[in-house]
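All of the numbers you see were taken from the coordinates with simple rules; none came from a lab. What you see is a predicted model, and the numbers here were worked out from it, not measured in a lab. Neighbour counts are summed over all protein chains in view; Cβ atoms, including those assigned to glycine, are modelled from backbone coordinates with ideal geometry.
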Amino acid sequence: MDTGKILVQQNITFLEQGETMVRDIGSDYYARLSIAESLGTIGSHYRHILDMYRCFLKGIGQGMIRYDQRDRDKNIENSAQAAIEESNRLISGLKETATLTNPEDPIKVQRTLRGNETVHLITSVGRELDVLTSHTVHHYAIIALILNSHGIECRQDFGVAPSTLEYRNDDKT
């Protein structure tokens, strides 16, 4: 399997993991604040993850990814069903991306800094797919904390980086 397909599949796997989590907890906990209110809701973190994927897919088509221009759709943040539907749409988009792009293809990323100063960075499709993986795992770790605050256990691998899982497996042998 080539690098691009591996990176896309890894992101699809993480989105499927998130979709499963949303289905499992349902509407009861999706938009409920954690006991530590500063952590927010599962819905706010999951919506943020989906926003980043949406920006990536839109940016691939435009030649520039603008992660700062997220939709912040409150419906996806508050409705488990809307989040599941958006997850499926994004998974389809990633599958299509795998056939249309090369991980080494250059792409620009626009970032807004303090004072609304904008910078443009040159990166690659593969690097941005890797960034999305890392970003998703980071937010899943926060979601795991929120789930735990509600007394809900999640999978042992939820919110854990692939390299950490490998390390844990190697450490057991």
Per-residue HN-Hα couplings for the range 132-141 [Karplus 6.51, -1.76, 1.60; θ = phi - 60°; Hz; x = Gly/Pro]: 4, 4, 4, 4, 5, 4, 4, 6, 5, 4
For His135 and Ser163 in one chain, what is 0.36 nm times their gap in residues minus the Cα-Cα distance, to one decimal in nm? 8.7 nm
Going by average Cβ neighbours within 10 Å, how do the peptides 54-60, 122-128, 96-102 rank, with the highest at the top? 54-60, 122-128, 96-102
Can you compute the charge dipole magnitude of the range 120-173 about its Cα centre, using +1 on each Lys and Arg Cβ and -1 on each Asp and Glu Cβ, nothing else charged? Give it in debye, rounded to the nearest 20. 80 debye
Determine the dipole magnitude for the range 3-172: charges of +1 sit on the beta-carbon of Lys and Arg, -1 on that of Asp and Glu, nothing else is charged, the reference point is the Cα centre, and the result goes in debye to the nearest 20. 380 debye
How high is the relative contact order of the range 64-143, in percent, with contacts defined as C-alpha pairs under 8 Å that are six or more residues apart? 28 percent
Cα convex hull of the range 3-172, projected area averaged across orientations, nm²: 10.8 nm²
Only helical DSSP H runs with n ≥ 4 go in: add -39500 (n - 2.57) per run for the chain, normalise by residue count and round the 222 nm mean residue ellipticity to 500 deg cm²/dmol. -22000 deg cm²/dmol
Under 8 Å for C-alpha pairs, at least 6 residues apart: give me the relative contact order for the chain, rounded to a whole percent. 26 percent
